[in-house]
Structure formats: C-alpha cells, structure tokens
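Before any comments, here is the structure.
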Amino acid sequence: MNANGKKADPTALVRVEGVEKVFHRGSEDIHVLSRLDLTVATGEFVALMGPSGSGKSTLLNLIGGLDRPTTGSVSIGDDRIDALSDRQLAVWRARHVGFVFQLYNLLPVLTAERNVELPLLLTHLTKAERRRHVETALAMVGLTHRAKHYPRTLSGGEQQRVGIARGIVTDPTLLLCDEPTGDLDRKSGDEILNLLQALNREQGKTIIMVTHDPHASARASRTVHLYKGQLASEPTP
Amino acid sequence: MKFAHLIWGNLTRRKLRTSLTLLSIVVAFVLFGLLCAVRQALEGGVKMAGVDRLIVRHRVSLIQLLPESYKARIERIPGIELAMHQTWFGGVYQDPKNFFPQAPVVPEEFLTMKPELVLSAEHRQAWLTTRTGAIVGRSTADRFNWKIGDKVPIQSPLWGRRTWDFDLVGIYDGREAGTDTRGMFFRYDYFDESRQEGQGKGLIGWYTIRVKDPARAAEIARRVDEEFENSAAETKTEPEGAFVQGFARQIGNIGFIVGGILVAVFFTLLLVTGSTMAQAVRERLGELGVLKAIGFTNGQVLTLVLAESCLLAVLGGGLGLSIACLVTSRGDPTGGLLPLFYLRNQDLALGGSLSLALGLLTGIFPAWQAMRLRVAEALRRL
Ligand SMILES: Nc1ncnc2c1ncn2[C@@H]1O[C@H](COP(=O)(O)OP(=O)(O)OP(=O)(O)O)[C@@H](O)[C@H]1O
Ligand SMILES: [Mg+2]
C-alpha cells in the first residue's frame with residue numbers, strides 16, 4: 001500500500017492509489033469510492049466482493065479504463081490511464097484489457113466466431129491471422145464446434161465462454177470480469193470458473209473478477225472486499 | 001472493409017423495419033427519376049433551340065396563319081440571313097394515338113435552317129425530285145417500322161377530311177442525343193396545291209428566321225414586327241427558345257412543380273429514415289457501449305453508424321434510380337407527346353448525391369449520439 005506516500009511495489013501490474021469516485025445525480029453527490037488503494041501483481045487472480053451498490057463495478061471500470069476517478073491515480077504497468085484522453089483510452093483498452101460481462105453482451109447479429117473476432121478488427125492483423133487467433137481462442141474455451149452459431153442459439157454457459165474467448169483473443173495484459181457467473185447455474189458457472197482458473201494458472205493471465213458468490217471467490221488467489229468505499233482483505237459486516 | 005459484416009448485420013437486424021424504410025427510399029427515388037425525365041421532356045426542347053433563330057408568328061395566336069408572301073419582305077430586312085416557313089399539319093397515322101408532328105416545308109430552306117438534322121445526300125436528292133416525297137426522323141421511322149420507299153398515309157382533320165399519301169424518301173438523324181427526331185416533313189408546293197380553296201391557300205403557320213449576329217436578335221425581332229405593323233396579319237417575333245418554352249408553359253411552370261414535389265418527398269423521407277436510424281441506435285446503446293469497452297474509438301463508432309445510414313440510403317437510392325432508368329430507357333411513355341423523355345446523366349448524378357446526402361443527414365444525429373455515449377453509462381443500461 002502506498003496511500004501514505006510509500007514506494008510503489010515495482011512488481012505491481014495494477015496500482016490504484018488514493019482514488020475517489022463521486023457521481024452526481026441531480027444536485028446529489030454520491031461518494032462511491034473514497035481514498036481507495038489497491039495493488040494487483042502480475043499473474044494474480046483477484047476476487048472482488050462486496051454488497052450490491054458498494055462500487056465494485058465502478059472500481060472495475062476505473063481499472064479497465066472505462067471511466068476516470070474523481071481524484072487519485074490508476075496505473076496499469078507503465079501507463080497512468082487516468083490521465084489519458086478518451087481516444088487514447090480506447091486504444092489502450094484495445095491493446096491491454098479484455099472484458100467479460102455478467103450478461104455476456106455478445107452482439108446478436110454476429111456469429112460466435114465473428115464476436116470473438118471483434119477486438120482483432122482493431123489490430124493490424126491480416127484476415128488469415130485473425131482467423132487463426134479466433135480458432136485458438138474458441139478452442140481454449142472448447143467451442144470450436146459452435147463457431148458458426150449465433151448467440152441466441154447458444155446456452156448461457158456457452159455464450160459466456162464465447163465472451164471469455166472474445167476477452168482473451170488479443171492476449172490482453174489484464175482480464176476483467178464483472179460477475180461472470182452471476183447469471184449462470186452452478187454447473188455452467190463452475191465451467192466458467194475452471195476456465196478462468198486455467199487461464200490464470202496455465203497462461204499466467206492476471207484476472208480481476210467481481211463476484212457475489214463465495215464459491216466463485218474461493219477459486220481466486222486472493223479476495224478483497226469493498227465496503228463503504230474502502231477495501232479490506234477480510235469481509236466487513 | 002473489415003467492418004462490413006458488422007454494418008450489414010446491424011442493418012438487417014430488424015428486417016421488416018429496414019425493408020419498409022428501404023422501400024420508401026426506393027419509391028422516392030423512382031419518383032425523382034421519373035419527374036426529372038418529365039421535366040427534361042418538357043423543358044429540354046428549350047435548351048436544344050438555336051440561339052440564332054427567331055420565330056415569327058401571328059400576333060394574336062399560334063393558330064392564326066400568316067401570308068406566305070411575308071417571306072420576301074422578311075428577307076429584305078438587314079441582318080437576316082435566311083427565312084423559312086412551316087405549318088402545323090396535325091395529322092395522325094392510322095390511329096389518333098399515333099401522334100407525331102408533321103409540317104410542310106420548302107426542302108432547301110428547311111435543311112439549311114436545321115443543321116442539327118442529318119440527312120444523307122442521296123435522301124436529300126430524292127426529296128428534291130419527288131413532289132410527294134417526305135422525310136421523317138429516326139425515332140418515328142423506328143416507331144412505325146417505316147422504310148424508304150414506303151407509302152405513308154396521313155389523315156389530318158385540319159386540311160380537309162382526306163388522307164394524304166406521302167412517299168417516304170428520307171430518314172434523318174439528330175446530330176446530338178437530345179435532338180428531336182420525331183418530325184415528318186414534306187414539300188410545301190405539294191401541300192399548297194393540294195389544299196382546297198378556303199383551306200388557307202397561300203397561308204403558312206410561322207416563319208423561322210436566322211439572324212447573322214445573335215447579339216442583335218432582339219433588335220431584329222423588333223424590326224420584323226414593325227415591318228408588319230398595321231397590316232392585316234401583325235406578327236410577334238421571339239427567340240426559338242422562348243417559343244418552345246411557350247409550348248411548355250401551357251402545362252405550367254414545370255421546374256417549380258417538379259421541385260416542389262421533390263422537396264416534399266425528400267422531407268418525408270428524411271423523417272422516415274431519420275426515425276429508423278434514431279431507433280436503430282437507441283435500441284443498441286448497450287452494444288455500442290460494448291464496442292467501446294472493447295476499444296472502438298468514438299470516431300469509429302460514429303463511422304459505423306454513419307456507414308449504416310449511408311448504406312441504407314445509397315442502396316435505396318441506387319435501386320430507385322435503376323428502376324427509373326429502366327422505365328425511362330423504354331422511351332416516351334405517351335407515344336409521342338414527350339420525345340425527350342429520358343434520364344440525363346446529370347440528373348442521375350444529382351440523384352446519387354441526394355441519396356448520399358440523405359444517408360449523412362439521417363445518420364449524423366444518431367451517430368453523434370452514439371459517439372458521445374459514455375461507455376460506463378452505456379454498460380449500465382444492459
Ligand atoms: N453513472 C452513474 N451515475 C450515478 N450513479 C452511479 C453511476 N454509476 C454507479 N452509480 C452508483 O454508484 C454506486 C455503485 O455502483 P456499482 O455499479 O459500482 O455497484 P456494484 O457494487 O457493482 O453493485 P452490484 O453488485 O449491484 O453490481 C451505486 O449506488 C450506483 O447507483
Ligand atoms: Mg456491479
């Protein structure tokens with residue numbers, strides 16, 4: 001921790017320092033995060049827990065460069081992402097982060113493989129190279145045989161696996177998952193968790209996962225709890 | 001373009017809605033094409049008129065005749081190179097719906113006056129030596145499948161209830177694409193001798209004169225009218241263009257009507273397509289948020305939406321203009337009233353630009369909205 005000016009951990013991949021996030025709704029100020037610090041090392045699998053409305057998604061968005069803190073800094077590797085412009089952030093996200101959402105958020109008009117290909121469209125890869133990457137990603141989530149299927153013809157678990165394939169196809173620095181099993185039954189959820197765990201252990205992917213489910217957080221290498229805008233390593237009542 | 005399948009997928013997401021919008025665009029552009037062709041048919045003649053030609057007609061109206069003897073007096077006026085006369089024959093071939101213009105003329109004068117009509121030397125010679133000879137333009141010859149040597153019977157209610165038989169001795173072409181090649185012309189000497197007393201022997205319809213210097217046309221027109229002031233048949237002289245326009249004017253201010261209809265149609269189209277696009281973007285704000293999360297820049301999202309609206313508009317416009325082309329390529333739908341009925345390339349180009357403008361105009365607002373969308377907020381909508 002270096003909220004008090006201590007030297008930053010050089011092995012840290014994610015450094016969130018003294019972050020505050022205030023939303024304005026009408027004349028009302030909503031203080032969601034206050035003076036929050038978080039460090040995640042390369043190769044960690046961190047579970048982020050906390051009551052509904054505690055600001056888990058907000059924090060994940062800050063780390064993923066989808067939003068900027070009101071005060072404080074967010075650094076990923078060598079990049080101070082809170083200081084980047086919208087455009088720079090978009091380019092940074094394309095290169096460094098993969099997102100996995102609770103409701104999968106696949107584009108309904110594209111087949112599974114086309115959905116997985118989407119992030120690759122922002123790279124300079126040729127069509128053949130893109131195809132190879134997509135095949136690899138789909139194989140990793142075990143959905144090669146569903147490549148040509150549209151999302152609506154896939155089960156929730158399968159859709160989420162496509163979502164993960166899309167999240168990792170560019171081999172991002174960081175994989176951010178917001179309640180990836182929140183909408184799945186236990187069995188499909190377990191498959192997803194197995195997959196994430198394998199990605200972390202075998203590929204060394206750094207993963208931050210928001211979850212409500214202790215069963216899910218048990219798979220992580222570390223669990224942090226968000227409560228009243230602050231983090232704690234142990235659950236706070 | 002590697003985003004093509006994404007744009008296409010989004011466009012075809014709501015098939016019924018897209019089809020209906022597309023249909024309205026197609027219909028509007030077919031209408032646009034046809035109206036352009038109609039306007040061209042009605043006004044095109046004005047532009048084809050010679051700048052150095054004047055028309056001398058009876059002051060009271062077009063249907064009043066002038067003495068043939070005026071010709072010599074007109075030609076004596078300084079600045080006039082040549083004068084010739086024509087008379088409205090108003091005949092039909094076999095059936096009243098087979099209308100096309102015919103006029104008795106003096107061959108040598110006529111051919112000198114109308115360099116835009118191309119007649120071979122051989123046909124010209126045949127016409128000069130055949131008293132009952134007639135020449136006809138390519139479009140009419142093709143229409144009735146006439147060939148040189150045919151005997152062509154024409155009925156005219158104006159000149160005695162009888163059938164006039166002409167020998168087809170020549171077929172002329174137009175020097176340019178827009179030249180009117182409907183007309184049939186036959187010899188005035190044959191016409192005048194064959195008319196009965198009381199059918200205006202010695203009278204003709206109007207004179208066409210050519211001035212040496214087009215810049216002096218107005219002044220010469222005044223001189224001609226002064227020449228016949230206070231005579232039994234006073235004249236009105238005007239440029240050929242104005243004369244043709246006078247014909248068109250009888251139908252109304254075509255340009256204005258066509259313009260008015262098109263403005264109304266395109267305004268409606270703007271609303272229809274605009275609301276389709278607005279809806280299309282509103283219902284997928286979440287997806288646009290996902291694209292941004294993945295790393296699409298605001299500019300790329302803007303382009304995706306604009307490309308979609310432009311594709312829709314250009315597809316509809318292209319289809320509509322193609323149909324209009326197909327319809328107009330079959331030529332005059334009235335069988336003779338609108339000889340210049342065709343879609344000009346410049347009107348096609350205008351239609352193409354209009355469809356692109358439609359795409360940009362209807363896409364820009366939703367695209368702007370998509371661009372401004374904050375990604376974190378868009379994701380919360382899911
Ligand atoms: N754009 C926004 N404008 C206003 N308030 C917001 C905005 N985003 C989040 N909030 C508020 O911030 C708080 C935290 O929201 P957040 O979505 O981060 O919670 P969460 O921990 O992810 O909750 P859940 O477990 O339900 O997903 C909530 O009170 C929410 O209403
Ligand atoms: Mg949340």
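The values are calculated or read from the model by the stated rules, or taken from the named source; none is laboratory data. Every value quoted in this text rests on a predicted model; they were computed, and no experiment measured them. Please note: Cβ atoms are built from the backbone with ideal geometry, for glycine as well, and neighbour counts cover all protein chains shown. Surface areas here come from the heavy atoms of the whole protein model, side chains and all, with no ligands, DNA or RNA. Shrake-Rupley method; radii C 1.70, N 1.55, O 1.52, S 1.80 Å.
Having 3 or more residues that are within 16 Å of ligand 2 (Cβ to nearest atom) is the bar; report the strands (runs of 3 or more DSSP E) wholly within segment A:15-88 that clear it.
Hits in segment A:15-88: A:28-41, A:45-49.
Kindly indicate the residue of segment B:327-382 that is modelled with pLDDT of 90 or more and assigned to a loop (DSSP other than H, G, I, E, B) and also surrounded by the fewest Cβ atoms within 10 Å (Cβ to Cβ) among those meeting that condition.
Here the answer is B:374.
Considering only segment B:118-139, state which residues are farther than 9 Å from residue B:172 by Cα and without any contact (Cβ under 8 Å) to a residue 60 or more places away in the chain.
Across segment B:118-139, the qualifying residues are B:121, B:122, B:124, B:125, B:126, B:128, B:129, B:130, B:131, B:132, B:133, B:134.
On the given criteria, is residue B:304 open to solvent by less than 30 Å² (accessible area, probe 1.4 Å), within 16 Å of ligand 1 (Cβ to nearest atom) and either touching a residue at least 60 places away in the same chain (Cβ under 8 Å) or over 30 Å from residue A:56 (Cα atoms) (or both)?
In short, no.
Being part of a helix (DSSP H, G or I) and more than 8 Å from chain B (Cβ to nearest Cβ) is the filter; apply it to segment A:116-132 and report the residue that is surrounded by the fewest Cβ atoms within 10 Å (Cβ to Cβ).
By that ranking, first place goes to A:128.
I'd like to verify a number: residues in segment A:98-115 that are modelled with pLDDT of 95 or more and more than 8 Å from chain B (Cβ to nearest Cβ), how many?
Going through segment A:98-115 one residue at a time, the tally reaches 7.
Restricted to segment B:146-166, and to residues that are closer than 15 Å to residue B:195 by Cα and among the charged types (D, E, K, R), which residue is most open to solvent (accessible area, probe 1.4 Å)?
B:161
Yes/no per residue for (1) surrounded by 18 or more Cβ atoms within 10 Å (Cβ to Cβ); (2) under 14 Å from residue A:100 (Cβ atoms); (3) hydrophobic (A, V, I, L, M, F, W, C):
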position	(1), (2), (3)
A:190	no, no, no
A:195	yes, yes, yes
A:199	yes, yes, yes
A:208	yes, yes, yes
A:216	yes, yes, yes
A:222	no, no, no
A:225	yes, no, no
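Applying the selection to segment A:155-183, what residues are within 16 Å of ligand 1 (Cβ to nearest atom) and either over 16 Å from residue A:217 (Cα atoms) or open to solvent by less than 40 Å² (accessible area, probe 1.4 Å) (or both)?
Answer for segment A:155-183, where residues must be within 16 Å of ligand 1 (Cβ to nearest atom) and either over 16 Å from residue A:217 (Cα atoms) or open to solvent by less than 40 Å² (accessible area, probe 1.4 Å) (or both): A:176, A:177, A:178, A:179, A:180, A:181.
Checking the condition crowded, with 16+ Cβ neighbours inside 10 Å and either charged (D, E, K, R) or free of Cβ contacts under 8 Å to residues at least 60 places away in the same chain (or both), which residue from B:311, B:291 passes?
Answer to the selection: B:291.
Quick check: anything in segment B:360-370 within 16 Å of ligand 1 (Cβ to nearest atom), within 14 Å of chain A (Cβ to nearest Cβ) and farther than 13 Å from residue B:266 by Cβ?
Scanning segment B:360-370 turns up no residue that is within 16 Å of ligand 1 (Cβ to nearest atom), within 14 Å of chain A (Cβ to nearest Cβ) and farther than 13 Å from residue B:266 by Cβ.
Name the pairs: first residue in segment B:95-117 and closer than 17 Å to residue B:55 by Cα and of a type in the set (Val, Ile, Thr), second residue modelled with pLDDT of 95 or more and open to solvent by 20 Å² or more (accessible area, probe 1.4 Å), Cβ to Cβ under 6 Å, at least 6 apart or on different chains?
So the pair list comes out as B:105/B:185.
Taking segment A:7-47, which residues are surrounded by fewer than 17 Cβ atoms within 10 Å (Cβ to Cβ), more than 14 Å from ligand 1 (Cβ to nearest atom) and of a type in the set (Lys, Arg)?
Scanning segment A:7-47 gives A:7, A:35.
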